[in-house]
Amino acid sequence: AIERFRSRISTPDSRLHPFAFMRQQHNLRDLDAKNCVPIIYRAWRAWRLGNSELNELGMKAWLTVFHRRDGGWSPIEIGERSSFATWYGLERARYSIGVVHPDGFIPGAFEHSTWAAYEVVDRTGAPIFDHIQCQITKADDKTRCWVSYQRLVLPVWRGAGEWVIASVVARTNQINIELLPEAERHSMPEELLMESDPGEGVI
């Protein structure tokens, strides 16, 4: 499944880009073949081994956890090493806990696609693995920039009778979106990437 949304969001160099958001869902077999960055593979492997309880995944520092609220999805836990926290800063990211429309998300197509993935995982109990490129606001709230990432969405048990959605996001230039034109592929600088292995001690 490939989603592409046209937009006329101005970039800092004043050019107009036709695709402000593109998402391609990949087969879960790609994860077993390790066609993903280490953070994503570690979370997938832990989940596949039967560690569907949030505290047993061994990946809480990299997760953003959501539950259904007010017709949408709201973050209830944000790991200190998650993409959300490392992009905006942990203190600011935690202000988004309990908010249905997290600050900095692109409204409309981006938000709809994100929530749609959570809905499918919640309904089916099956994970979703996808590659995404989009424009989001920088932590300074003044400029937008291109971000690409791999995302794994998992159903996990939080306890107290509650299933929630855990999102593992790794910012990377290693994305495969078939319909994304070569001219519209935007690489991120090395300091923004999350391609390193979480390390020993992580499942």
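I'm checking my understanding of the structure. Among residues of region 118-133 that are without any contact (Cβ under 8 Å) to a residue 12 or more places away in the chain and among the β-branched types (V, I, T), which one is surrounded by the fewest Cβ atoms within 10 Å (Cβ to Cβ)?
Among those that are without any contact (Cβ under 8 Å) to a residue 12 or more places away in the chain and among the β-branched types (V, I, T), it is T124.
All but one of (1) open to solvent by less than 20 Å² (accessible area, probe 1.4 Å); (2) assigned to a loop (DSSP other than H, G, I, E, B) hold for N173; state the number of the condition that does not hold.
Among (1) open to solvent by less than 20 Å² (accessible area, probe 1.4 Å); (2) assigned to a loop (DSSP other than H, G, I, E, B), the lone unmet condition for N173 is (1).
Return only the number of the condition from (1) of a type outside the set (F, W, Y); (2) closer than 24 Å to W146 by Cα; (3) open to solvent by less than 30 Å² (accessible area, probe 1.4 Å); (4) modelled with pLDDT of 90 or more that M22 does not satisfy.
Going through the list (1) of a type outside the set (F, W, Y); (2) closer than 24 Å to W146 by Cα; (3) open to solvent by less than 30 Å² (accessible area, probe 1.4 Å); (4) modelled with pLDDT of 90 or more, M22 breaks only (4).
Please pick out the residue among L152, L193 that is out of contact with any Lys or Arg (no Cβ under 9 Å at 6 or more places or on another chain), open to solvent by less than 60 Å² (accessible area, probe 1.4 Å) and either charged (D, E, K, R) or closer than 18 Å to R81 by Cα (or both). First the steps, then the outcome.
Working: L193 fails: out of contact with any Lys or Arg (no Cβ under 9 Å at 6 or more places or on another chain).
When all the criteria are applied, what remains is L152.
Please determine whether any residue of region 141-148 is free of Cβ contacts under 8 Å to residues at least 40 places away in the same chain and at positive phi.
Yes, because at least one residue in region 141-148 is free of Cβ contacts under 8 Å to residues at least 40 places away in the same chain and at positive phi.
Name the residues in region 82-115 that are modelled with pLDDT under 70, part of a helix (DSSP H, G or I), of a type outside the set (A, V, I, L, M, F, W, C) and open to solvent by less than 60 Å² (accessible area, probe 1.4 Å), would you?
Applying the first criterion (modelled with pLDDT under 70) to region 82-115 yields 98-112.
From the residues that got through so far, the ones that are part of a helix (DSSP H, G or I) too are 109-112.
When the remaining residues are screened for being of a type outside the set (A, V, I, L, M, F, W, C), the result is 111-112.
Correct list: E111 only.
If you take the residues of region 54-81 that are more than 26 Å from G199 (Cα to Cα) and in a loop (DSSP other than H, G, I, E, B), which of them is least open to solvent (accessible area, probe 1.4 Å)?
Looking at residues that are more than 26 Å from G199 (Cα to Cα) and in a loop (DSSP other than H, G, I, E, B), I get G71.
Starting from region 49-62, keep only residues that are under 29 Å from G89 (Cβ atoms), then list their pairs with residues that are part of a helix (DSSP H, G or I) and open to solvent by less than 20 Å² (accessible area, probe 1.4 Å) whose Cβ atoms are within a distance under 6 Å, requiring at least 6 positions of separation or different chains.
L57/A46; G58/A46; M59/A43; W62/I39
The values are calculated or read from the model by the stated rules, or taken from the named source; none is laboratory data. Values in this document were obtained by computation on a predicted structure and should not be read as measured data. As a convention, Cβ positions derive from the backbone with ideal geometry for all residues, glycine included, and neighbour counts pool all protein chains shown. These accessible areas exclude ligands, DNA and RNA; they are computed on the full protein's heavy atoms, side chains included. Shrake-Rupley method; radii C 1.70, N 1.55, O 1.52, S 1.80 Å.
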